[in-house]
Amino acid sequence: MGPQQNRNSHELGSIGITAIASHLPCRLQLKSLDVSMCGISGKVAMEGLGAILSACVALETISLSSNDLG
């Protein structure tokens, strides 16, 4: 399996996911990202997730379960 990041069950919140997104351009080969149960919610978080999806062209899976993205 290729490069992956597991940050599940950490209270990242919107600011944390944005911080991760700002550091991911150097991780273009990232294939899997698990940020389930991380307290991610709101517009700032959605912008951060959008940045991740744009920067990580090799990303195959992203787990977002148990966050308030609705």
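Nothing in this text is a laboratory measurement; each read-out follows from the coordinates by a stated rule. The shown structure was predicted, so the numbers you read here are calculated from the model rather than taken from an experiment. Cβ sites come from the backbone with ideal geometry, for glycine too, and all protein chains shown count toward neighbours.
Show the residues, 5+ positions off or on another chain, whose built amide H is closer than 5 Å to the amide H of Ser41.
Ser14
From the backbone phi of region 39-46, what are the Karplus-calculated ³J(HN,Hα) couplings (6.51 cos²θ - 1.76 cosθ + 1.60, θ = phi - 60°) in whole Hz, Gly and Pro given as x?
Those phi angles translate into x, 7, 7, x, 4, 4, 5, 5 Hz.
Assuming 0.36 nm per residue, please report the length gained on full extension of the stretch Glu11 to Gln29 beyond their Cα-Cα distance.
Gain in length upon complete extension: 4.0 nm.
Quick one: which residues, 5+ away or cross-chain, put their amide H under 5 Å from the amide H of Ser66? H built at 1.01 Å from N.
Met37
Would you please give the residues with an amide H less than 5 Å from that of Leu33, counting only those at least 5 places away or on a separate chain, with H modeled from the backbone geometry?
Result for Leu33 returns Gln5, Thr61, Ile62, Ser63.
First measure r as the distance between the Cβ atoms of Ala58 and Ser22, then evaluate 1/(1 + (r/R0)^6) with R0 = 25 Å and state the FRET efficiency to the nearest 0.05.
E between Ala58 and Ser22, to the nearest 0.05, is 0.85.
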